[in-house]
Amino acid sequence: MTKIALVTGGSRGIGAAISIGLKTAGYKVAANYAGNDEAAQKFKAETGIPVYKWSVADYDACAAGIKQVEADLGPVSVLVNNAGITRDAMFHKMTREQWKEVVDTNLSGVFNMTHPLWGGMRDRKFGRVITISSINGQKGQTGQVNYSASKAGDIGFTKALAQEGARAGITVNVICPGYIATEMVRAMDEKVLNERVIPQIPVGRLGEPEEIARCVVFLASDDAGFITGSTLTANGGQYIT
Ligand code: NDP
């Protein structure tokens, strides 16, 4: 039977590559997004993947959005928590709003999406929860106290929930990408990229969104049934834990 996968922030950047990767692997995919209608409609037209707009920071919107996806496609058995934002500032200048927005999206968003789906996954005795954290959640990053804290929280969330899901046939894993060549990173000053960023990466290049998508496709597969509570780093050797 075709499995249903739901990817948050699935219409742009790494999320778009994940949605396409899962579709190519045979899943029926739904891509959630927050507000960029133009990018979402373009993605839908190009890929045929349906898009659904709600904020992962809003629990009730997540519950309603998931209900709609399941009415349209069927029960979701693979959840990819990919949606994430940055609001960088040095800590002494960081506002409460910058802290809250990032934690609400990157950490509470993972709770808000996983919680409404958990009961169904338990009942059906199968589920895959895969969250996209970050290298900066592992090592910390200047100017990103909010982001690093939220992404480290995603790792703790995964380790605890994996223990609860194991007997119910649900695996829970987290991926920590390093620098990935999304629009945002490609838009960086070329000199900064070539002289400051890339030299920190032992393999000597940025990662590609498809390389993260392939990690997700593997963790979602039956072949990965013995892997749970795991942190998969994909960072070109930049930070080795
Ligand atoms: P992008 O900024 O390219 O895309 C982010 C996606 O998340 C968009 O689809 C956006 O929707 C969606 N989104 C943002 N806020 C919300 C929200 N509240 N509710 C629902 N969707 C939301 O990000 P990337 O592809 O670069 O990053 C994807 C993930 O990977 C993030 O979690 C990021 O932290 C992580 N990551 C990225 C790295 C990189 O180098 N790029 C490195 C390490 C981790 P919309 O299109 O509507 O704006």
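T171 meets the conditions (1) within 16 Å of the ligand (Cβ to nearest atom); (2) closer than 29 Å to Y27 by Cα; (3) not aromatic (F, W, Y) in every case but one. The failed one is (1). Quick one: in region 174-185, which of the residues that are near the ligand (Cβ under 8 Å from one of its atoms) and of a type in the set (A, V, I, L, M, F, W, C) is nearest to K139 (Cα to Cα)? The residue in question is C176. Pairs are defined by a Cβ separation below 7 Å, a sequence spacing of at least 6 or placement on different chains, a first member in region 25-44 that is within 19 Å of V217 (Cα to Cα) and free of Cβ contacts under 8 Å to residues at least 40 places away in the same chain, and a second member that is polar (S, T, N, Q) and surrounded by 22 or more Cβ atoms within 10 Å (Cβ to Cβ); the pairs so defined are V29/S19; A31/S11; A31/S19. Of the residues that sit in region 189-213 and are assigned to a loop (DSSP other than H, G, I, E, B) and more than 10 Å from the ligand (Cβ to nearest atom), which one is least open to solvent (accessible area, probe 1.4 Å)? Top of the filtered list is I201. Yes or no: S19 assigned to a helix (DSSP H, G or I) and touching a helix residue (DSSP H, G or I) at 6+ places or on another chain (Cβ under 9 Å)? In short, yes. Name the residue that is farthest from T171 (Cα to Cα), counting only residues in region 126-146 that are open to solvent by 50 Å² or more (accessible area, probe 1.4 Å) and in a helix (DSSP H, G or I). Within region 126-146, the match that is farthest from T171 (Cα to Cα) is V145.
Residues are listed down the side, and each one gets a yes or a no for (1) in contact with a strand residue (DSSP E or B) (Cβ under 9 Å, 6 or more places away or on another chain); (2) open to solvent by 30 Å² or more (accessible area, probe 1.4 Å); (3) more than 26 Å from A64 (Cβ to Cβ):
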| position | (1), (2), (3) |
| --- | --- |
| L79 | yes, no, no |
| M113 | yes, no, no |
| S148 | no, no, yes |
| K151 | yes, no, yes |
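In region 2-16, the residues that are closer than 25 Å to M184 by Cα form Cβ pairs under 6 Å with partners that are assigned to a strand (DSSP E or B) and not hydrophobic (A, V, I, L, M, F, W, C), at six or more places apart or across chains, as follows: T8/N32; T8/N81; G10/N32; S11/Y33.
If you check A166, A162 for being buried (at least 19 other Cβ atoms within 10 Å of the Cβ), more than 12 Å from the ligand (Cβ to nearest atom) and in contact (Cβ under 8 Å) with a residue 60 or more places away in the chain, only one passes: A162.
Within region 29-69, being out of contact with any Phe, Trp or Tyr (no Cβ under 9 Å at 6 or more places or on another chain), within 9 Å of the ligand (Cβ to nearest atom) and under 17 Å from A17 (Cα atoms) holds for one residue alone: N36.
The values are calculated or read from the model by the stated rules, or taken from the named source; none is laboratory data. This structure is a prediction, so every number in the text was calculated from the model and none was measured. Neighbour counts are summed over all protein chains in view; Cβ atoms, including those assigned to glycine, are modelled from backbone coordinates with ideal geometry. What goes into the accessible areas is simple: the full protein's heavy atoms, side chains included, and nothing from ligands, DNA or RNA. Shrake-Rupley method; radii C 1.70, N 1.55, O 1.52, S 1.80 Å.
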